[in-house]
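Okay, structure first, notes after.
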Amino acid sequence: MSTEDKQPNNTGSMIAIGGLVIIVVAIAWWIYVYILGMEVPVSDAIECLAYTSDGCAVANGLVAWSGHNPYNPAVLWAGGAVWLVGMVVKGSNS
């Protein structure tokens, strides 16, 4: 048995952790744009976390107009997808 056979394959875990990091970055970006920057109440801004409603699009336009990067919920969804792929890979390696 070689040394490689004794070490666990952590690929799935690393992918899942990468997905979680992307999710955390997306949430931090959302907080920065809506809560801190636009001072929108959390109860109004929560919908902007997962999708872009008309109100979110207006807020994103104002953010872009002010020279900042508007929040994009696709980043949150991408993080969730990466996390899910990591969990599937991790499960198939068990």
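Brief remarks follow.
- Per DSSP, loop GluC sites (Glu not before Pro) in the chain with at most 10 further Cβ within 10 Å: GLU39
- Cleavage-rule hits, chymotrypsin sites (Phe, Trp or Tyr not before Pro), the chain, DSSP coil, Cβ neighbours within 10 Å at most 14: TYR51
- Option label - Cα Rg over 2.2 N^0.38 Å computed here, alternatives [x] 1.33; [y] 1.46; [z] 1.22: [y]
Bear in mind these aren't lab numbers, they're just calculated from the coordinates by the rules spelled out. These numbers were taken from a predicted model, which means no experiment stands behind them. Ideal geometry is used to build each Cβ from the backbone, glycine not excepted, and the neighbour counts take in all protein chains shown.
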